[in-house]
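Notes for the one structure printed next.
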Amino acid sequence: MTETPTRPKLTLLLAAPRGFCAGVDRAVRIVEEALARHGAPVHVRHEIVHNRHVVEALRAKGANFVEELDEIPDDGRPVVFSAHGVAKSVVSEALRRRMFTLDATCPLVTKVHREAERHYAAGRHILLVGHAGHPEVTGTMGQLPDGAVTLVESVEHARIVQPPPDTPLAWTSQTTLSVDDTADIVAVLAERFPALVGPQKDDICYATSNRQAAVKAIVARGAEVVVVVGAPNSSNSVRLAEVAERAGAKRALLVQRGADLDLSLLEGCAAAGLTAGASAPESLVQEVIARISTRFEVTTEEVRVAEERIEFRLPKALAAE
């Protein structure tokens, strides 16, 4: 009689909080509610959140994803702006075309927009810490006239950036950055420009901060490899992988779902960590756990660093009647 091979034991440390944040949950619900109220199609400018699983699920229900408004016909259907926010020129174009728009911009991104406007109104030039080309950065810079914002992408860039001379300065940031990297960049800017004005509390959102703190906690508890569930174009997911390695993990693996995980990379580990970016649903986390369990005898332990009870309301046009 052939004996069943014994599966190696693996402690899987689950970061908490992980996965969907309040802004992502609100954005997804806006598309779902628009489909329920108005039927298909509902047009969505850019991916509503950076997660292929979420986007495909909404597309199957009737969401039509486009990159620009000129891809949308004048059909009177709802048009949703993604959670990342849009430039004012996009809003103006939608108004010109009399589109029925629903703004799914995360309220914490909107807060950054308003901060930038206040600084500009006070005569300050804005140094925006963020990544070029990210839709949130494009949207934030698009709140103000060309030349009013200078993007700062790294510590090295902060050391050499040359904002307009003899102009008061303020800084703000993309909401999904590494907490530590942003602090390092701002420290350089503050040293170079002592009168630099900043937000009362940094603009990195609570969910990004909490998820990064949770990753540090699971590494501190012994996670040798950390699996991050998220998309490669998701800023907060990529940052989680970077944070894990900087915290001391031997390796961080960014996967979009269970099938993407190479289980051989967990061989020899006594403990591994698992988290998910703010745009990845819990169902994908459970999918990864199920896949790991096919090769390992898994014991799960949750490592929680914060409780999140924040909820954001839907736009008035979709609020419960």
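Nothing in this text is a laboratory measurement; each read-out follows from the coordinates by a stated rule. On a predicted model such as this, the values are computed, not experimentally measured, just so you know. Backbone-built Cβ (ideal geometry, glycine too); neighbour counts: all protein chains shown.
A simple charge model with +1 on the Cβ of Lys and Arg, -1 on the Cβ of Asp and Glu and nothing else charged puts the dipole of segment 87-136 at about 200 debye relative to its Cα centre. Here the chain is treated with +1 on each Lys and Arg Cβ and -1 on each Asp and Glu Cβ, and its dipole about the Cα centre works out to around 480 debye. Applied to segment 162-177, the Karplus parametrisation 6.51 cos²θ - 1.76 cosθ + 1.60 on θ = phi - 60° returns per-residue 3J(HN,Hα) values of 10, x, x, x, 6, 10, x, 10, 9, 10, 8, 8, 4, 7, 10, 8 Hz, with x for Gly and Pro. Summing charges over all other residues whose Cβ lies under 11 Å from the Cβ of Gly277, with Lys and Arg as +1 and Asp and Glu as -1, gives +3. Here r is the Cβ-Cβ distance between Leu95 and Ala187 and R0 is 51 Å; the resulting FRET efficiency, rounded to 0.05, is 0.80. Checked against a 22 Å cut-off, the cross-linked pairs Lys216/Lys250; Lys111/Lys216; Lys61/Lys88; Lys201/Lys316 give Cα-Cα distances beyond that limit for Lys111/Lys216; Lys61/Lys88; Lys201/Lys316. In the elastic network of the chain, a GNM with C-alpha springs shorter than 10 Å, the most mobile of Ser279, Ser264, Ser178 is Ser264.
Along the axis of the charge dipole computed for the chain (Cβ charges of +1 for Lys and Arg, -1 for Asp and Glu, origin at the Cα centre), the listed residues Val305, Ala280, Ile160 are led at the positive end by Val305.
Among the listed values (i) 21.5, 84; (ii) 23.2, 76; (iii) 21.5, 71, the one matching Rg and Dmax of the Cα atoms in Å as calculated from this structure is (i).
Computed 3J(HN,Hα) for segment 244-255, one whole-Hz value per residue from the Karplus formula 6.51 cos²θ - 1.76 cosθ + 1.60 where θ = phi - 60°, is 4, 5, 5, 7, x, 5, 5, 7, 10, 10, 9, 10, glycine and proline marked x. To the nearest 10 degrees, how steep is helix 52-61 against the longest Cα principal axis of the chain, on a 0 to 90 scale? The angle comes out at about 70 degrees. For the chain, averaging the sequence separation of C-alpha pairs within contact (under 8 Å, six or more residues apart) and dividing by the residue count gives a relative contact order of 26 percent.
Rounded to the nearest 20, the size of the Cβ-charge dipole of segment 135-288 about its Cα centre is 320 debye, with Lys and Arg at +1 and Asp and Glu at -1. Using the Cβ-Cβ distance between Leu265 and His131 with R0 set to 25 Å, the FRET efficiency from 1/(1 + (r/R0)^6) comes to roughly 0.40. Would you mind checking the tilt of helix 179-192 against the longest principal axis of the Cα atoms of the chain, expressed as 0 to 90 degrees and rounded to 10? The angle comes out near 40 degrees. Think of it as helices only: each DSSP H run of n ≥ 4 in the chain is worth -39500 (n - 2.57), and spread over all residues that comes to -11000 deg cm²/dmol at 222 nm. Note that segment 72-82 has calculated 3J(HN,Hα) couplings of 9, x, 7, 10, x, 6, x, 10, 9, 8, 5 Hz, one per residue in order, obtained from phi through the Karplus relation 6.51 cos²θ - 1.76 cosθ + 1.60 (θ = phi - 60°); glycine and proline are x. In this simple spin-label approximation, Arg118 and Glu68 carry label points 7 Å from Cα along the Cα→Cβ vector, and these lie 3.5 nm apart. Counting only residues 5 or more places away or on other chains, whose amide H sits under 5 Å from the amide H of Thr101 once H atoms are built in the peptide plane? Long-range HN contacts for Thr101: Val79.
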